Each structure stands twice: as structure tokens, then as C-alpha cells.
Amino acid sequence: MTIQTISTKPFSDQKPGTSGLRKQVPVFQNPHYLENFVQSIFDSLEGIQGQTLVLGGDGRYYNRQAIQIILKMAAANGFGRVLVGQGGILSTPAVSCIIRKYQAYGGIVLSASHNPGGPEGDFGVKYNIGNGGPAPEKVTEAIFDRSKVIDAYKMLDVSDVDLDRIGATQLGSMKVEVIDPVTDYAALMESLFDFDQIQQLLTSGKFRICIDSMHAVTGPYAKAIFERRLNAPAGTVINGVPLENFGGGHPDPNLVYAHDLVDRLFGEEAPDFGAASDGDGDRNMILGRNFFVTPSDSLAILAANAKLAPGYRSGIAGVARSMPTSQAVDRVAAQLGVDCYETPTGWKFFGNLLDAGKATLCGEESFGTGSNHVREKDGLWAILFWLNILAAKQQSVEEIVKEHWRTYGRNYYSRHDYEGVETAGANQLMENLRAALPSLSGKQLGQYKVKYADDFSYTDPVDGSVSQKQGIRIGFTDGSRIVFRLSGTGTKGATLRVYLESYEPDSAKHDLDTQQSLAPLIQLAEELAKICELTGRDKPTVIT
Ligand code: VG1
Ligand code: CO
């Protein structure tokens, strides 16, 4: 059992994006590619000798191979212990939970989240710090800098660890503990929500639910929590077996990709509640019978009703949302008299606010919601929170949402994605918008008057770090907004995201079709950005 030092050459493209390093599987399979990145992580950390690392992934293709490589590298680099999920499985929120519970030094999550998997699909590596959250930018920048000059990595020359058997094995001087992926996470959920009340609802015979795990990581978690602990009927969880290629699907919980669930909730004899999670279990989509809850509304509704859940009975300290997320939650915060923070896209920006106790609930328009219970967004947590509220209020999903709109007004909201467009055109589009910003302020554009037009810059209120160029925002005097940004998680070409929002206080106008009510803004976005001309697309790939 010797430590080998293997020579390597840097790859130039190992810059982590919105959420870790994501590439197509064949890229990660290039000799030294994964090893270089993992060694760059280890080289950027201080004092890892003898420390504990948490390791797991969403079960996608290459997960098991990558885990074996990382275990041998962790041993060679001096970690004292690695906690790894059985079968290599750990959801992103479970990693966060386990890092915190066992006070680990950090964790590595192997996932490309909602991106498709399989031999030609995507793979990803994400490093989480000791608070359980995604590494902040200063850490990811250090990792990237290291990756540009790396010339060797360390690896212990040993045979593979049996990932399927719970228990401990020794790798050199490092202990590997294969743990049950679900137990710690399920216990945390039970500490936050009224499981008795939820169980009564689910076993009453009057309320049916359907949970779609999309053949991704939440299958074992959802079966353990909903079917075994809460006694929901067998079959409540659909697509519950994690598969390396997610059954050929796209594990992104939205109206387009979660079609099995959507067909049921919008079909005949539809259940009362439906929900789906993404590849690594940090996203959620909430549906009622024939009813879709916009993620931004979901965040606002959880904030407004937080006290109904035992874990939040004493109220929330503040809320935070990513900049493109709708301003629905801002209105709830104002009503509650708590602060509302606006951060750049990506969960790493919530970490400091959560650690400092400035925010209790956080959310993103991209089907991500979470709280201070961990430092990641958390799909099953959001689903349980909704069920807790439904059980307490004894109303339907639709009634709860419509009542919320009557109280706070409705923020019509939609995101239009142009996926896999040519990078040059997408960059040009953003540059043109940036150049036009100074001339937009105060301008009348059709029915809208521009209140502000800028490229979003964020100063972290806790550590003062500054993040620039986080998206073009054009806000109008009536509260409407258009936001443009390029995705930082895609692996092919560029993905343009256009976020559209308008506010309607009049409850007589709360039943309009979202796309219709946003039509003037959609038109304006096209005129301002020349999307069709610069991307060659006359319509979005995905509308959420
Ligand atoms: C997207 C979402 C962002 C989310 C990120 C990671 O990033 O817009 O809100 O935090 O994915 O989510 P981007 O840069 O492609 O817009 V996940 O579930 O992939 O960990
Ligand atoms: Co995810």
C-alpha cells in the first residue's frame, strides 16, 4: 500500500461554474482529468490532515468509478476518515446535513444535478465547506488557480472499497465508513416537521399524493420517508429507483421534463398533491390537482406560513432570494417586518447569510428552496414543508396559492431558456445589452418606463466580498422586470436565460394565463436583446 505521486499536466477548462465543475462524461474520463481537479481541491485546502470528508453522489454514470478514485486520493492526501453513502449515493442536501452533523472538514458531491446522465451525459464535482454549503467564490477561484499549474497528484495504490456493504474499512491510515445515505437526513426532517399531522393527512384516505423521483437520487429517501415512515400507500413514489442514466430522462423537475408527474396531476382522477425532485435532490416542483406552483411563489408561501411547521414556530429571522427570483417573497418579508436579501444566482451566496442568522429561508426561481437546517437547497424538505402546511390548513394547494395572491398580490413570473445556443452570439447579446444600459435609464419603452438598468453586482453583507456581472436587470416603474443572464451550469455552447416578471395587485386579474399576461414584456425582451437575430432561435427551448 504505497502512496504514488503521478505526474500530470494542467487542463485549462477546470473553472467551477454556478455549482461545481460540470462536463460531459467523456471529458471526465480523460486520463488525469478528474484526478487533477480533485487534487486541486485538496491543494487549496489547509489543515486536512486527519480530518473527515463526506463523499457521495446522485448515482449517475461514472459515480462509482469516481468515488473509488477520490477515496484513494483522499487517503494519499492525509484525510483521516471519509463518510461515503452506501452504493455511492448521497443527495446534495444529505451531504450538507452529514457534514454539519459530524462536523466534517468538508464534502465532495458528485453530480451534474438536473443535467442528463449516462455515458454521453454530464458529470460533475462540487466541493462543500465545513458549514455544509457550496464553496464560496474565493475557494472555487483558488481551486481553479491551482488547476492551471498542477503538475502531480497523489493516489494510494490499493484495491477498491466495497461501497455496498455498510461498515468501516481501512485505506492506509484513513478509515472509510460506508453509511446509510438516508438515516441522518430523515431524522433531520422529522425534527423540523409535524410528522404525525402529515401522516394523518396521508392515511386519511381523502388526500392522495404522488412523488416523482425521476430515477434520480431521491428515490431511496422518498420511499423511506413517505412510504415507510409516513405510511403513504406503496406506489406513492414513482420512478423511485436511481438509474445511471435516469431512465434516459432529464432529471429536471419542471413542467416539461417531469412529464410522468404532470400527466397524473393534470389528468383524470388526479391526486391532490404532486412533487418532483431533480438529479441530486436539491430542487423541487410543487403541483396541486391541475395546478402548478411557481417556485418563486412557493418560497413566498413557505415564508408566509413558516410558523405552521414546528421547526420554524418561533418565526423567521429574514429571507433571501436570488436576483432573478420574483419579488413575491419581498412582500411577505415586508409584512413580517424582516429583512429580504437579494443575491446572485447560486446557492453559495446564501451561506454567509444563513451562518450569520440573517436569513432563515432562501430560494431561487429555478425550483430551489431551503432553510438554515442545512446549507443547500433541499427538494424533499420543501415537499414536506408543503405537506405540513396543507395538513395544518386543510385547504387545497390551489386555495392556498390563491389566498396568498389575494393577500399580497400576484407576481406573474416566467423564465425563458434558450439552451445550447452558439457561445459567440450569446456573448454578443450580453455585450450589446451591457453597452445599452446607460442609455436605458428613465426611457419610455412602450407601456413601460425604465426605473433602473444595470449589471447586477453583489456585496456580501457579512464578509464584504464583491461579485460582479451577475446578470442584466431592467426594472420598470410599475415593478415589472426583465433579467438576462447566461447559465453557468450548461456543458454545450451557451444557455441564455430571460426572466420576466410583472406585479398585479388586483385580485380580479389573478387568473390570467402567465405567458399572455407577460406578453408585452416578452416582446420587449426580444426588441431589447435581439434574441432571434443573435441566437438564431425564434422561441425558447424551455419555458418555466
Ligand atoms: C442553475 C440555476 C440556479 C441554480 C443552479 C444549480 O444555474 O439557474 O438557480 O442554483 O442551476 O442548481 P445556471 O447558472 O445554469 O442558471 V442545481 O440543482 O444544478 O445544483
Ligand atoms: Co440540483
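Taking Rh as the Kirkwood radius, which is the inverse of the mean 1/r over Cα pairs, what is the Rg/Rh value for segment 410-543?
Reported Rg/Rh, Kirkwood definition of Rh: 0.98.
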Seminar exercise, completed: Output ordering of 81-89, 212-220 (per-residue mean of other Cβ within 10 Å, highest first) is 212-220, 81-89
Seminar exercise, completed: Going from the fewest other Cβ atoms within 10 Å to the most, one would list Arg313, Arg289 as Arg313, Arg289
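Only sites in a loop by DSSP and with at most 13 other Cβ atoms within 10 Å count here; which trypsin sites (Lys or Arg not before Pro) in segment 163-226 make the cut? Don't skip to the answer; put the middle values down first.
On the way: sites: Arg165, Lys175, Lys206, Arg208, Lys223; in loops: Arg165, Lys206, Arg208.
When the trypsin sites (Lys or Arg not before Pro) of segment 163-226 are filtered for loop state and at most 13 Cβ neighbours within 10 Å, Arg165, Lys206 remain.
Can you tell me the length gained on complete extension of the stretch Val462 to Ala508, counting 0.36 nm per residue apart and subtracting the Cα distance? Please report the intermediate quantities before stating the final value.
Numbers: separation 46, 0.36 × 46 = 16.56 nm, distance 4.20 nm.
So the extension gain works out to 12.4 nm.
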Problem set entry | Relative contact order computed over the chain (Cα-Cα under 8 Å; 6+ residues apart), in percent | 13 percent
Problem set entry | P(r), alpha carbons of segment 228-305 - 10 Å bins starting at zero, rounded % | 16, 47, 34, 3
Exercise. Dividing the alpha-carbon radius of gyration of the chain by 2.2 N^0.38 Å (N being the number of residues), what value is obtained?
Worked result: 0.95
Exercise. Once amide H atoms are built 1.01 Å from N in the peptide plane, which residues 5 or more positions from Gly133, or in another chain, come under 5 Å H to H?
Worked result: none
Exercise. Separation of segment 280-358 and segment 504-544 by C-alpha centroid, Å?
Worked result: 24 Å
Seminar exercise, completed: Taking alpha-carbon centroids only, segment 455-478 lies from segment 1-63 a number of Å equal to 31 Å
Exercise. HN-Hα J couplings of segment 421-429 from phi, Karplus 6.51/-1.76/1.60, θ = phi - 60°, integer Hz, Gly and Pro as x?
Worked result: 8, 5, 4, 4, x, 5, 5, 4, 4
Exercise. Applying the Karplus parametrisation 6.51 cos²θ - 1.76 cosθ + 1.60 with θ = phi - 60° to the phi angles of segment 445-460, what ³J(HN,Hα) value in whole Hz is obtained for each residue in order, glycine and proline being reported as x?
Worked result: 10, x, 7, 10, 10, 6, 8, 8, 8, 8, 9, 4, 10, 10, 10, 5
Seminar exercise, completed: Applied in sequence order to segment 364-374, the curve 6.51 cos²θ - 1.76 cosθ + 1.60 (Karplus, θ = phi - 60°) yields integer Hz couplings, x standing for Gly and Pro, of 10, 5, 7, 6, x, 9, x, 8, 6, 5, 9
Exercise. Computed over the Cα atoms of segment 2-181, what is the convex hull's projected area averaged over all directions, in nm²?
Worked result: 8.9 nm²
Exercise. So who's got an amide H within less than 5 Å of the one on Met174, skipping anything under 5 residues away but keeping other chains? H placed 1.01 Å off N, in plane.
Worked result: none
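Hey, what D do you get for segment 234-363 in µm²/s if you plug the Kirkwood alpha-carbon radius into Stokes-Einstein at 10 °C and 1.306 mPa s? Before the final figure, lay out each step's value.
On the way: Rh = 16.3 Å.
The diffusion coefficient I find is 97 µm²/s.
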Exercise. Which value in deg cm²/dmol, rounded to the nearest 500, describes the helix-derived mean residue ellipticity at 222 nm for the chain, given -39,500 (n - 2.57) per DSSP H run of n ≥ 4 and division by the residue count?
Worked result: -9000 deg cm²/dmol
Problem set entry | Peptide ranges 403-413, 272-282 listed from the most packed, as the mean C-beta count within 10 angstrom indicates | 272-282, 403-413
Exercise. So who's got an amide H within less than 5 Å of the one on Phe456, skipping anything under 5 residues away but keeping other chains? H placed 1.01 Å off N, in plane.
Worked result: Gln470, Gly471, Ile472, Arg473
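Count the DSSP beta bridges whose two residues both fall in the chain, then state the antiparallel fraction as a percent rounded to the nearest 5. It would help to have the intermediate numbers written out before the result.
Details: 64 of 93 bridges.
Taking every DSSP beta bridge within the chain, about 70 percent pair in antiparallel fashion.
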Exercise. Per residue, what volume in Å³ does the Cα convex hull of segment 155-206 take up?
Worked result: 132 Å³
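Read-outs throughout are calculated quantities, based only on the coordinates presented, and are distinct from any laboratory measurement. Just so it is clear, the model here is predicted, and its values are computed rather than measured. Every residue, glycine among them, receives a Cβ derived from its backbone with ideal geometry; neighbour counts consider all protein chains shown.
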